Amino acid sequence: MKQENKKSVWWKKAVGYQIYPMSFQDSNGDGIGDIRGIINRIDYLANLGIDFIWLNPIYKSPQIDNGYDISDFRNIDPIFGTINDFQELISKLHKKNIKLIIDLVLNHSSDQHYWFQEALNSKDNPYHDYYIWQDGVANTKPNDWVNWSGASEWTYYPQIRQWNYHIFNKRMPDLNWENGKLRKDLLLTAKFWLDMGIDGFRLDAISHLKKMSFNISMKSMRESGQDPWAVHTNVPGLENFLKEIKYAFSGYNIFTVGEASGITPGQASLWTGENGYFNAIFELDQNRHDGYDSKKRPKGNIQAFKKVIFNWETRLNIFGWLSPYLANHDNPRSQQVWGDNRSDSSAKALSLILLSLKGTPFIYFGDELGIGSKNFTSIEQITDPEAQIAYQKTKQEKGNIAKAFTDIANFNRDQGRTPFWWNENKNAGFSDGIPWLGISDGSQGRSAESQIKDPNSILNFYKKMIQVRKSSPSLNQGLFYPLSLEQDSTVNFLRQTNSQLSLVISNLSDTTTQIELPTSIDLDNWLQVIATRPTRLQRKMSLGPYQAAIFMKRVNG
Ligand code: NOJ
């Protein structure tokens, strides 16, 4: 959206909602969610009370990485619809006061992109330098760099006798940010969508635009006690690229949120906020799921989660801005990792925490229904390329295939990508055809249609919680003060403005847990504004499984 007068900071009090388009609503029976499907569900979104949507990539793509491999930065993939559908989506969302941000993938393209196809023609082609190459012979890789799946970051192209560099899949070559013409061309594609009226971007893999010299080996980094990922993560000089991106967006009143892998809170306090390169970032520390044990149920460690969240919230209290989230398309569902699939209370407690944190929170689609994990019974049911690569690698190396399958089945990106539960009909109302990915377990009786009618449903709790956040200055603007630093499963904190104080208490475990509030908190005049079940505030309290509550009071500034 073009800037009119002064930029407003609408995003500071806004609640975001991430839609994974393939899995939200299919309108044409091909088993894949589409733009028309989203248009048909705008009333549901407006009713939920969210302020903006983040839509995962809908650009033209061979779908090697579900749309993150883009073959045309200025077009919509036919599986999702047309540019006209997209324009209709923007205008219908805006009529309901819902803004729209989309993914902007600046680090790589698809190998099917025109630029890459041209680049493969010859070293003299003007687009050759849009990508990253090293001369060499087959079988001798330029260096030992590997990505998170353990795969080499180099692919050999015999036709030009060069190695191509890619952090992600070999079919997703990295774009050469050292080339000014590439930067200009790429940022013009971003303006194309901004001029169409979108309200911002989620900047994919933004920490990786700059690489270290290829002479540096990951092994030497490791041996000298440095982080091997630093070879391609937040490499000094990246700031210059980020400044250029910020400059390209300066005429627009938009919200930008960077996927900031490897960034420290210290950096983020400078990178984000009203004057940062972006307005906000997603930190990725919480996704390490420390303590995850596939032999038990696939569950993250709450103490580790709490430590990460409290650290980020505290460090970005005054400077910088965070976008808190519980789940996204790259992780299993929050119910699976931080809660309990079977417990409505755990989904409610999680929403209460997320929507009480400082920053611009993002709800992951379906979390408001308590969608949990799926019981995958064969590797063929899993489409996630990362999971498939990991499985094939174990197979080739003649590793323990049964264990590899259990681990992968419990913890793969498809776990977080299963379709939405609209109603109690076939395929939970997601599609009349065969869904591209099976519906997760436990949908019966818990669809949106059923939950709308039930005042005690997770969905109605979310709606209430969104309104509580939006109407409470302490929750949408206040400073963050952690409580309960102990190594336990309670997540307790305060949020405060000059006029209002909120106390958030919760037990993210399936057993009753004691908490004790510090004596600095006086127990008078608190009002309970929302709770998973009525909770009496006391100095020492027992919180039942997944019990959570917020108390508020007025304070004098
Ligand atoms: C991060 C995205 O969230 C993920 O889904 C994708 O595979 C990589 N970036 C590559 O674009």
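The values are calculated or read from the model by the stated rules, or taken from the named source; none is laboratory data. Nothing here was measured: the structure is a model prediction, and the numbers come from that model. Because the Cβ atoms are built from the backbone with ideal geometry, glycine has one as well, and the counts that use them run over all protein chains shown.
Quick notes
- Filtered residues of segment 208-236 (kept if hydroxyl-bearing (Ser, Thr, Tyr) and out of contact with any helix residue (DSSP H, G or I) (no Cβ under 7 Å at 6 or more places or on another chain)): 213, 217, 220, 224
- Residue, farthest from the ligand (Cβ to nearest atom), within segment 408-439, restricted to residues that are of a type in the set (Asp, Glu) and surrounded by fewer than 19 Cβ atoms within 10 Å (Cβ to Cβ): 424
- Enumeration of residues in segment 87-111 that are outside any loop (DSSP other than H, G, I, E, B), within 16 Å of the ligand (Cβ to nearest atom) and under 18 Å from residue 195 (Cβ atoms): 101, 102, 103, 104
- If you filter segment 337-376 down to residues that are of a type in the set (S, T, N, Q) and over 24 Å from residue 422 (Cα atoms), you find that the one that is nearest to the ligand (Cβ to nearest atom) is 360.
- Residue match in segment 420-432 (condition: on the phi > 0 side of the Ramachandran plot, part of a helix (DSSP H, G or I) and among the polar types (S, T, N, Q)): yes
- Residue selected from segment 242-285 under the condition hydroxyl-bearing (Ser, Thr, Tyr) and within 16 Å of the ligand (Cβ to nearest atom), by the criterion farthest from residue 18 (Cα to Cα): 261
- Every residue from segment 532-557 that is touching a residue at least 40 places away in the same chain (Cβ under 8 Å) and in a strand (DSSP E or B): 543, 548, 549, 550, 551, 552, 553, 554
- Count of segment 184-205 residues which are surrounded by 18 or more Cβ atoms within 10 Å (Cβ to Cβ) and more than 16 Å from the ligand (Cβ to nearest atom): 5
- Strands (runs of 3 or more DSSP E) fully within segment 443-518 counting 2 or more residues that are assigned by TED's automatic domain parsing to the domain that holds residue 351 and crowded, with 21+ Cβ neighbours inside 10 Å: none
- Candidate set from segment 11-40 (those that are among the β-branched types (Val, Ile, Thr) and without any contact (Cβ under 8 Å) to a residue 60 or more places away in the chain); member that is nearest to residue 76 (Cα to Cα): 35
- Qualifying positions in segment 299-336 - part of a loop (DSSP other than H, G, I, E, B), closer than 21 Å to residue 415 by Cβ and either within 16 Å of the ligand (Cβ to nearest atom) or within 16 Å of the chain's Cα centre (by Cα) (or both): 324, 326, 327, 328, 329, 330, 331, 332, 333
- Taking the criterion of being part of a loop (DSSP other than H, G, I, E, B) and β-branched (Val, Ile, Thr), the residues of segment 120-153 that qualify are 132, 137, 140.
- Candidates 50, 58, 64 - the one that is in contact (Cβ under 8 Å) with a residue 24 or more places away in the chain, in contact with a strand residue (DSSP E or B) (Cβ under 6 Å, 6 or more places away or on another chain) and within 15 Å of the ligand (Cβ to nearest atom): 58
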